[in-house]
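Chemist: Here's a structure for you.
The numbers here are math on the coordinates, done by the rules we state, and not lab data. Owing to the predicted nature of the structure, the values given are computational and were not obtained by experimental measurement. So basically every Cβ, Gly included, is an ideal-geometry build from the backbone, and we count neighbours across all protein chains shown.
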Amino acid sequence: MKPMIHSTRVSRAIGYLTTRIASFVCLTCLFGLAGCGGSSPSSPPPPPPPPLSSSKLGPHILDAPNNPGAVTILGACPGVSKWVAPFAGIDLAISNYKSRCPGGTVILRVYVPSSMAAYSAANDPAASANDFWNKMSTQGLSAAGPPNQIDWLEGPNELDNLPNWYNDPTTANWVASFWSTLADLMHNAGYNPLVGSLVGGQPSPATLFAPVAAAMKSKVYKWGWSYHSYTFGATTSVSTESAYALYYRQVRDQNGLAGIPIVLSEGGYLTTSSTGWQGRLTNDQYLSWLKWFDVQLKQDSEVSGFTIFQVGNTTDWQSFDVTPIAQELANYLTTGS
């Protein structure tokens, strides 16, 4: 008769064997694609985006919306950013910015070349506005995403499509009728119109903006206006810059626009030959001026932001490209210094 094996010893032997098998299976899983228990190994979650920047500086993005300079600056969650359609991927870039940086302001301009639309004071202003709206639609407006992800929609850029009204009261009235109609079309399609797109230092006198201002102040919906803030000397003199970069203050004060949102939707350093900062200022000089200008903008509650022209284009607008200082700009947006 075989001796009886104590039940405790059997239990210990079975437990030991089970542990060894489980360890083997776990190691097999570890070096395979799945972890123990059927779960798969995962990377740590990405760090959360930084809070929305308190600076009023942001990028004016040209060409590919995912260009390296734009990606770097947008990574710092600027308070305002501008895109120019048409360009593939703008809708996704805007959507990503909106989701990563809640509260960020999106400006959209749809590029309509003067070869496609150029109006004169002899044309009917309302018909011209309808024609321009149709051109915006064919030039990629809807491809930029739904209206609810666009905070402000611009129209004609400066005088690219409009008659020169900056020194002519009669033509200023024509432009007011044009903008009144175009703004209604934008609003009816679900957008907030951003009117003006004024050249730096214009109109002259500033009161020539009065017809546009009056037409827009009669609207019951949300609207704003835009100005292009360029400096010719990168000075830190308020009196000097009041003629160009800060000239919007004169337009605001002389046309009763206090409290109406304004976006400085283009700007930076400009030479008299219409080239940019590269080759004229060092990185530190340009950064220093932008920081000084930001301090000025924070004094004006109406200013929603200033989109620096430009980041991404390395061909015809290459001298304006801020990619060489993109990381420094991102650091400033994040830290304020």
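Chemist: Could you work out which residue, out of G190, G268, G69, moves most in a Gaussian network model of the chain, that is, has the largest mean-square fluctuation with Cα springs under 10 Å?
Modeler: Among G190, G268, G69, the largest GNM mean-square fluctuation belongs to G190.
Chemist: Related question: Would you grab the residues whose amide H sits under 5 Å from the one on V303? Only those 5+ places off in sequence or on another chain, please, with H modelled 1.01 Å from N.
Modeler: I262
Chemist: Explain nothing, just the number: relative contact order of the chain, from Cα pairs under 8 Å at least 6 residues apart, as a whole percent.
Modeler: 19
Chemist: Same structure, new question: Computed from these coordinates, which is Cα Rg over 2.2 N^0.38 Å: (i) 1.07; (ii) 0.98; (iii) 1.42?
Modeler: Derived directly from the coordinates: (iii).
Chemist: Run down the lysines and flag those whose C-alpha is under 26 Å from the C-alpha of K56, throwing out any fewer than 8 positions away in its chain.
Modeler: Counting by Cα, and skipping residues close in sequence, K56 has these lysines nearby: K82, K98, K217, K222, K291, K298.
Chemist: Which chymotrypsin sites (Phe, Trp or Tyr not before Pro) from the range 262-337 combine a DSSP loop assignment with at most 13 other Cβ atoms within 10 Å? Don't jump to the answer; show the numbers that get you there.
Modeler: On the way: sites: Y269, W277, Y286, W289, W292, F293, F306, F309, W317, F320, Y332; in loops: W277, W317.
Passing sites in the range 262-337 do not exist.
Chemist: If you don't mind, there's one more thing I want to ask. Per DSSP helix of 4 or more residues, -39500 (n - 2.57); summed, then divided by the residues of the chain. What does that give at 222 nm, rounded to the nearest 500? Please list the in-between numbers first.
Modeler: Details: 10 runs with 120 residues, N = 337.
Taken over the chain, the calculation gives -11000 deg cm²/dmol.
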